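The values are calculated or read from the model by the stated rules, or taken from the named source; none is laboratory data. All values reported here derive from a predicted model rather than from experimental measurement. For neighbour counting, all protein chains shown are included, and Cβ atoms are generated from backbone atoms with ideal geometry for every residue, glycine included.
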Amino acid sequence: MSLGQRVFVDNGDMRTGTDGPTSDNELVARNVRRYRMERAMSLGDLARRSGLSKQTLSKIEQGIGNPTVETLSQLGTALDVSTRRLLTEWGTPVYVQRGADSIWTDHDGRVERMLDDTYGSGHVRTLVLRLERAAEEPRIIEPHPLGTLHHVYVITGKMRTGPLDDSVELAAGDFARFPGDVAHRHVCLSERAVAHVVTTIPQIRQFGSPVQDAPGSSPGTAASNS
């Protein structure tokens, strides 16, 4: 099977390439499974939407199938993603952009710094987070719905944020994106810290079974605790 160039996303920089440790079949397998699970779809759900058999889909997700361009198109339509997305290699789940590495671009007098550019639609929540240094370890924030992402830009101070096993230290001007569908926390490392936090939750209730809200939260407010 020749699927052309694969796309690699590493530290937010999208580039194309034909070499890499992952075969096309393995790449497609991982992405089909990822997008299907994000949408809370069973193999049967995907089979009905795509017109492909469960046996064919099972082989594709195991990396032993041999999907044609037409098959990828059917999968993309069923999963509501472009074929290109099925051929996209993602980097680490935590992405950091340091203030010292920021790039400002002038757009007809409007100067912008792009922090992140993610694919998808759904519920978007934006807030300003104020933290103070505490003697006790801050509480753990329970996972939000599947596919949730947190985008954190530090305005003042220093903080540690991210998944419990993959958190990062950020200073003023730094930006990080990390999965919000795993346990995480925000820890103030200076006397005070202020950050701009955007939370995105994929609009996936239209697929398969409803996504459960995070434990202890009310319906529709799963992302209210950052």
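Key figures for this structure:
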item	result
Some residue of segment 78-88 being assigned by TED's automatic domain parsing to the domain that holds residue 25, part of a helix (DSSP H, G or I), out of contact with any strand residue (DSSP E or B) (no Cβ under 9 Å at 6 or more places or on another chain) and at pLDDT 85 or above	yes
Members of segment 155-169 that are more than 19 Å from the chain's Cα centre (by Cα), surrounded by 15 or more Cβ atoms within 10 Å (Cβ to Cβ) and among the aliphatic types (A, V, I, L, M)	159
Some residue of segment 3-11 being modelled with pLDDT of 90 or more and either buried (at least 19 other Cβ atoms within 10 Å of the Cβ) or touching a Pro at 6+ places or on another chain (Cβ under 6 Å) (or both)	no
Selected residue [in a helix (DSSP H, G or I), crowded, with 18+ Cβ neighbours inside 10 Å and modelled with pLDDT of 85 or more] from 47, 40	47
Every residue from segment 89-127 that is modelled with pLDDT of 70 or more, closer than 19 Å to residue 34 by Cβ and among the β-branched types (Val, Ile, Thr)	94
Cross-chain or 6+ apart pairs with Cβ under 6 Å, segment 159-187 first and farther than 13 Å from residue 199 by Cα and touching a residue at least 40 places away in the same chain (Cβ under 8 Å), then surrounded by 19 or more Cβ atoms within 10 Å (Cβ to Cβ) and among the basic types (Lys, Arg)	171/158
Considering residues of segment 130-147 that are more than 15 Å from residue 185 (Cβ to Cβ) and either outside the structural domain of residue 182 (by TED's automatic domain parsing) or in contact (Cβ under 8 Å) with a residue 24 or more places away in the chain (or both) only, the residue surrounded by the fewest Cβ atoms within 10 Å (Cβ to Cβ)	130
